[in-house]
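Following: one structure in structure tokens, then a few remarks.
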Amino acid sequence: MNENIKYDSVIIGSGPAGLTAAIYNARADIKTMVIAGNHPGGQLTITPMVDNYPGFPNGVGGFKLMMDMQTQVKNFGVEIRQGVVKNVRCQMSNVRSFEVEMESGEILETKSIIVATGAAVKWLGLPKEKELIGHGVSGCATCDGMFFRDKTVAVVGGGDTACEDASFLSKFTKKVYMIHRREEFRASVAEQKKVFENSKIEILWSSEVKEINPSKSTPDPSFDLKEGNKLNSIKIFNNKTNEEKILEIDGLFVAVGYSPATKFLEGLVELRETGQIITGKNEILSTMTNIEGIFAAGDCVNEHHRQAIIAAGQGCLAALEMQSWLNRL
Ligand SMILES: Cc1cc2nc3c(=O)[nH]c(=O)nc-3n(C[C@H](O)[C@H](O)[C@H](O)COP(=O)(O)OP(=O)(O)OC[C@H]3O[C@@H](n4cnc5c(N)ncnc54)[C@H](O)[C@@H]3O)c2cc1C
């Protein structure tokens, strides 16, 4: 073994995938460092209520869940370092090792890496959108759909995710508007057919969301969620007729895409066209990438079904597979 290698495992990312991997590494006495990134705790920290993570009969706040996971990791003695990874290099001397370069310039040497950098919802970029996340605005129908039983909602987008979300939401909501800026969907024929045949879904073609309006239209900066403010309506613009109209809705589901945080791995690790990391070439469930010693888990891998429990499960698998791999060195 090369004595200069400081860590057995560097985990990049501190969402459910990274923190679960850290717990399993700590329990196996693997010398581990977690790099938290710009968003310690990951995506779940911005959602007020998580209703579908097992073990919480009354739901749990997303921030609380992630801070508890972080405490659990720290209690096992794993160091969580603030900072962002800029680059990863593979060293091939007599023993394979990796250099993880931080934006600060610091370089960490490690025998293995677990990439758990997640993904980010592509939001519309409209004023008040971010403030209303969890208060009517959502980037995840699977996560938040149930909060809108018998309500009126809108889905923005025209791909598979948007069509799947609209069909899913129509099962328990009163009405679903689909807002798409073009005159046809990009989704698969099968997903489009389900939408076209669903009487609860009304499609607004050539339409774009121009404004997101809360229930209390106090001007910024007095806009305050603590007063019970939530989504009330959106303004739609028809890009063919230039007409504008107001839609009164309870929920707005943004389904225009996801960006996996994997750019720093380009040229080293094999990625899909859409940026997700390719894993499991030899074994379907495996978390190993094309580079031996680099494993990946969570939303940075998954094109579909982005859920905390899946990310946590894959984080566990990545740690266990990494440990078996280290034992074989
Ligand atoms: C608004 C919202 C509500 C949601 N609600 C639910 C829900 O109710 N139930 C559910 O199961 N799922 C929900 N999800 C989905 C869930 O949050 C994700 O599936 C899950 O967080 C993915 O976990 P992850 O660990 O793969 O990545 P993430 O949670 O995205 O974490 C990624 C981590 O990587 C770090 N990182 C990124 N790039 C770098 C870098 N270069 N260097 C170092 N660190 C880096 C980030 O700082 C972050 O800590 C929701 C998502 C959103 C956006």
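The values are calculated or read from the model by the stated rules, or taken from the named source; none is laboratory data. Everything numeric here is computed off the predicted structure, so don't read it as measured data. Reconstructed Cβ throughout: ideal geometry from the backbone, glycine too, with neighbour counts over all protein chains shown.
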In segment 139-196, what residues are among the small types (G, A, S) and either at pLDDT below 95 or touching a Phe, Trp or Tyr at 6+ places or on another chain (Cβ under 9 Å) (or both)? G139, A141, G145, A154, G157, G158, G159, A162, A166, A187, S188, A190
Please count how many residues of segment 258-309 are in contact (Cβ under 8 Å) with a residue 12 or more places away in the chain and over 11 Å from the mean Cα position of the chain (by Cα). 28
Inside segment 108-131, can you point out the residues that are within 12 Å of the ligand (Cβ to nearest atom) and buried (at least 22 other Cβ atoms within 10 Å of the Cβ)? I113, I114, V115, A116, T117, G118, A119
Give the residues of segment 242-257 that are without any contact (Cβ under 8 Å) to a residue 24 or more places away in the chain and in a loop (DSSP other than H, G, I, E, B), sorted by residue number. N242, E243
Answer with yes or no whether E321 is closer than 20 Å to Q91 by Cα and in contact (Cβ under 8 Å) with a residue 24 or more places away in the chain. no
